[in-house]
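Asks: For reference, the structure I am asking about is given below.
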């Protein structure tokens, strides 16, 4: 244990440049007498540590000598703080990361602190479907966030071909296994699902970072807006009991099961982006679900039914057959 404490003392001294025994004691949660003994032990062991008595004195490394005792490369440090940054870590991990930042050589410290604020994790699920992104694209985006440079992003929206745009990467958020890039754009802060990113080109131009930007705070605001869009409409329906597990898998927390009906069916309500989208999502259950309200959802189902009947009906029913 003392060997560990001596290493921690040296790292603390290295990070601060000059320390007092009282400061070491407070940092390592030991008595001031123990801290002074440890500092003296470092000097006796040949570490270039010296003490200076009097007001403004303390302990320092001779000539500002530095020792990289972490054994980590710059890339390893950046990866560690990206994965376990304080934006999403628990209190114990945040404390450990703060200590590690103080222990790092100055040349590594800035990149580590930038990486620590470059990611946030949100565990609530929206879709239940995780989409992976290419490792090289994810690395490129993470590097752009840490380095503070703009990227030329190829992105394909739902049902649309890929287009390119220049964005200012500010962080990466993970929600239920799905990664999102948070970026500044000419239309303000936006999110981009990494599973829809088709290319990443680093421009080298510096990002325009909003004043006082904090990734965790920005993500909460953006997530709230996305969630509002996802529950903008409600469909009321009745469903067979056997359809409940399927509906639960489709809609998760957006499904509410109501009273049981006399015919063995149940009342259900589902929230979604629009009545038409909800109708299309529920169409696969066929006659096991009957949408009751709103009229737009019923009309969309009728339209889908007519299209499917035309496409898949008997040959005599099809146009030109």
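The values are calculated or read from the model by the stated rules, or taken from the named source; none is laboratory data. All values derive from a computational prediction rather than experimental measurement. Quick reminder, even Gly has a Cβ in these numbers, built from the backbone with ideal geometry, and neighbours come from all protein chains shown.
Asks: Go through (1) outside any loop (DSSP other than H, G, I, E, B); (2) over 30 Å from residue 174 (Cα atoms) one by one and return the number of the condition residue 263 breaks.
Replies: (1)
Asks: Any residue at all in segment 226-247 that is under 19 Å from the mean Cα position of the chain (by Cα), crowded, with 17+ Cβ neighbours inside 10 Å and in contact (Cβ under 8 Å) with a residue 40 or more places away in the chain?
Replies: no
Asks: Here's another thing I want to ask about it. Could you please let me know if residue 250 is in contact (Cβ under 8 Å) with a residue 40 or more places away in the chain and either over 22 Å from the mean Cα position of the chain (by Cα) or assigned to a helix (DSSP H, G or I) (or both)?
Replies: no
Asks: Which residue, of 285, 292, 261, is touching a strand residue (DSSP E or B) at 6+ places or on another chain (Cβ under 8 Å), surrounded by fewer than 16 Cβ atoms within 10 Å (Cβ to Cβ), in contact (Cβ under 8 Å) with a residue 40 or more places away in the chain and more than 24 Å from residue 228 (Cβ to Cβ)?
Replies: It is 292.
Asks: Oh, and also: Would you be able to tell me the number of residues in segment 198-213 that are closer than 11 Å to residue 137 by Cβ and within 19 Å of the chain's Cα centre (by Cα)?
Replies: Summing the residues that are closer than 11 Å to residue 137 by Cβ and within 19 Å of the chain's Cα centre (by Cα) in segment 198-213 gives 1.
Asks: Could you list all residues from segment 121-160 that are within 26 Å of residue 229 (Cα to Cα), modelled with pLDDT of 60 or more and either part of a loop (DSSP other than H, G, I, E, B) or in the same structural domain as residue 270 (by TED's automatic domain parsing) (or both)?
Replies: Passing the criteria: 157, 158, 159, 160.
Asks: Consider residue 192 carefully, then state whether it is surrounded by fewer than 20 Cβ atoms within 10 Å (Cβ to Cβ) and in contact with a strand residue (DSSP E or B) (Cβ under 7 Å, 6 or more places away or on another chain). Don't jump to the end; show me each part of the working.
Replies: Numbers: surrounded by fewer than 20 Cβ atoms within 10 Å (Cβ to Cβ): no; in contact with a strand residue (DSSP E or B) (Cβ under 7 Å, 6 or more places away or on another chain): yes.
Against the criterion (surrounded by fewer than 20 Cβ atoms within 10 Å (Cβ to Cβ) and in contact with a strand residue (DSSP E or B) (Cβ under 7 Å, 6 or more places away or on another chain)), residue 192 does not qualify.
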